[in-house]
Amino acid sequence: MRSRLATWLPAALVALGLALPAWAQRETYNGHQTVRVLVETEAQWQALRGLTDDIWSPDNLSTDAVWGESVGPGSVDARIQPHNLAGLAGWGLSYEVLIPDVGALIASQQPPAGALRGTFDYTQYHPLSDIDAKITALAQANSNIAQVVTVGMSLENRPIRGLRITGPGDATNRPGFLFHGGQHAREWINVPVPMYAAEWLLNNYGSDPLAARLVNEVEWFIIPVMNPDGYSFSWTDQRLWRKNRRPNAGGSFGVDLNRNWGFAWGEAGASSSPSSETYRGTAAFSEPETQAMRDFIIARPNIAAYIDYHSYSQLVMWPFGPTATPPEHEATFSTVVNAAVARMRAVHDFRHVTGTVFDTIYQTSGGSIDWVYGANLPGRNIFAITFELRDKGQTGFLLPADQILATCEENLPAILLIAEWLAADLRIDTTVDPPVHVGVGETFAVTVSVVDHADTVADDGVTLLHRVAGETTFAETPMIANGDGTYTGIIAPSGCRQDVEWYVRASSDAGRETYFPLDAPAALGEVRVGSDVLYYDNVEVDTGWNTGVTGDSATQGRWERSDPIGTHAQPSDDRTPGAGRSCFVTDGRASFSGGVGAYDVDSGTTTLRSPVINLAGTDPMISLWYWYSNDQGSAPNADDMPVQVSNDGGSNWTTVTAISTNTLRWERLEFRLADFVAPTSQVRLRLLARDLNTGSIVEAAVDDILIESAVCGPIDGDANGDGLITPVDVNSFAACMNGPAGGGVAAGCGVFNFDLDTDVDLLDWAALQRGVVP
Ligand code: 0X9
Ligand code: ZN
């Protein structure tokens, strides 16, 4: 009797129209752990696969894929059942426990018994019935601008529902913006994020000009749950269900919908085994959920942007997944996505790593964004990206409910930025890389292309705004049409080291503005205003730097010159503006999921050393851009990175500073060489990235090394750098005459060494006299 009652009870609840309570899940996961395992050999990988089917951050290291399933060495997050925990150590696998008891964490996240359902908020997760009710309610309450859309039906005949939001009138000429959560069932945070954006648009339409404009000018399709069968199952049966609910040949269930789309379907990066968590299905688009999404997109030619939300790892990625080949529109993806993550970081200081799927997470085939961007939709070039939301593995798919609201809050500005870009009247891009350095007294030009998008550019509508760094207001200079869609603006000379910040504003006929950089004035172009450039290296080609020297002790993570792959510790991009790609970095490779520990500096020092630079007779100001991260791992902030100079070719070194601040962004370091060593013909610079304390993650990068004269002035003899040789300069000549004891040119006297010999003498005096302006 008792067992009959137990099986009968849930069915009765369903019959009564009550949702099955979440805490009635059949799989409890009691005593299961999630662990981060270091996998260094194929044997270890096979051992781990023998212990678990549930790899949370599946696969790793696509670029070094060597072991089938497109994996290679790296660390892997996996759920392990209690009876297999001992096996981990038995196989000699070293690991760190992420979640000590998965079952207990799930139980602790259940809403209190009797919690009121039928509502929707951002303090807890909600079952499908709440989401459906909320969609219906939002459409009813905002019927002038919102309707329920049904994309299609799932395998188990649930509707894939969402909201269409757009202002009154014909929307066929408005850009369409489609995004959805819930392609993977267990990634619950993906559901409230799109819902929150929908609510924000609807709630602010009547009061916020930006909301009104974006609703009126964009046709929004917001689908919280793309895989309703899987999502329901994750509430009723298995919290950690990922796939849809297809009954497969052989008795297993589920196709990974994000391996079932028709781009590179069946290639490496998906499984042909039905029981696998990344099972691709029997054919491309074999599943009703992917078919429905495909047909929805094909039927709406105006859809121009698409987001597929996932969790976890804090990444924002663009195509492609199957191969390392970057997409044709990579510059656009990179510009928009990097501006979006900058906005996200500004909300709660959560950082998201960017790049292609293949580079940033791992190899995938049959993924949604690859098809949406790359396949079969000629001429559409849909801007298709995918997010991995919070966190970085601490709770993985079980992100606590008290982070729902914050995650929604930080994602809204990214969504709005993409919509603003989508709806912009104009699009602006650089055609010629803007200058990075100009001399005192030099004018410089900025040239951009302005392309008509939703409207045409107004006559005289393009303006260059600029200021000296640190000032609060911008001066405006009209940009002149070159007749080929490009516009050029000229910026007048600025004083010594009075760096110029600039951006471009273009107005349409309708009087609306578009900016370059996209997020200006939050982001700005930057030009160094200095003196004669004595040395410049943007690290795009080999100029003779040593990346690693004899005696270096680091066992991995050595300096190299490369285009870095982003992780939560190292940059996704070099720092050179425009077309630059490479920098010096302590091993620019990365592991899957932004795992920080792979390829960081380990067990010693790695040295980056410049070639010998002849700075004799000059007074050099040395600057470089650096990135440094040492705040992660089990012993954070234990290391530092000395920056040193030598004036004898590298025999003796003087420390300028030891970098220890975790920038996690590019920062400039600048110093006057003479404050540390006298300038000679044998100057070298070096940076020692070192891991002296086990357990700390060390990543560093260097780019755009610039050496210019500390004495500003474009003209020899202009000691005070005002652009002219005047009696004031002449007065300071005497102190430089004949140089310091022992010969050479004294600090600050390089400007008087007209003939570039070894001292300042009467020949230079004669040259100075010829140039003097009374
Ligand atoms: O493996 C996946 O499908 C995604 N990661 S998750 O942990 N959420 O399962 C990443 C997929 C990225 N690839 C493409 N969309 N092509
Ligand atoms: Zn996912």
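The values are calculated or read from the model by the stated rules, or taken from the named source; none is laboratory data. Nothing here was measured: the structure is a model prediction, and the numbers come from that model. All Cβ positions, glycine included, derive from the backbone under ideal geometry; neighbour counts span all protein chains shown. The protein model used for the area step is the full one, side chains on, heavy atoms only, and it has no ligands, DNA or RNA in it. Shrake-Rupley method; radii C 1.70, N 1.55, O 1.52, S 1.80 Å.
A few remarks follow.
- Heavy-atom accessible area per residue - the chain, 1.4 Å, Å²: 39 Å²
- Hull shadow area, averaged, region 105-225 [alpha-carbon convex hull, nm²]: 8.6 nm²
- Cα-based helix-to-principal-axis angle, 762-771 vs the chain, degrees rounded to 10: 70 degrees
- Axis of helix 330-348 versus longest Cα principal axis of the chain: the two differ by about 80°, to the nearest ten degrees.
- Once both labels are positioned 7 Å from their Cα atoms along Cα-to-Cβ, the gap between Asn248 and Arg49 label points is 1.3 nm.
- Taking only protein heavy atoms and a 1.4 Å probe, the accessible area of region 166-278 is 51% carbon and sulfur.
- Against the chain, whose longest principal axis is taken from its Cα atoms, helix 2-15 shows a tilt of about 70°.
- Extension reserve of the Ala212-Asp459 stretch, reckoned as 0.36 nm per residue once the Cα distance is removed: 86.2 nm
- For region 396-537: rounded, prolate or oblate by the Cα gyration tensor [a/c cutoff 1.5]: oblate
- Note on region 495-544: with neighbouring protein chains present and a 1.4 Å probe, carbon and sulfur make up 47 percent of its accessible heavy-atom surface.
- Across region 466-510 the C-alpha pair distances fall into 10 Å bins from zero in the proportions 23, 46, 24, 7, 0 percent.
- Taking 4.7 Å between C-beta atoms as the pairing limit, the chain has these partnerless cysteines: Cys408, Cys583.
- Relative contact order [Cα under 8 Å, 6+ residues apart], the chain, whole percent: 9 percent
- Gyration tensor verdict on region 163-208 (Cα atoms; rounded if a/c is under 1.5, prolate if a/b is larger than b/c, oblate otherwise): oblate
- Each 20 Å bin from 0 upward holds the following percent of the Cα-Cα pairs of the chain: 15, 42, 30, 11, 2, 0.
- Tensor-based shape of region 404-453 (alpha-carbon gyration tensor, a/c under 1.5 rounded, otherwise prolate or oblate): oblate
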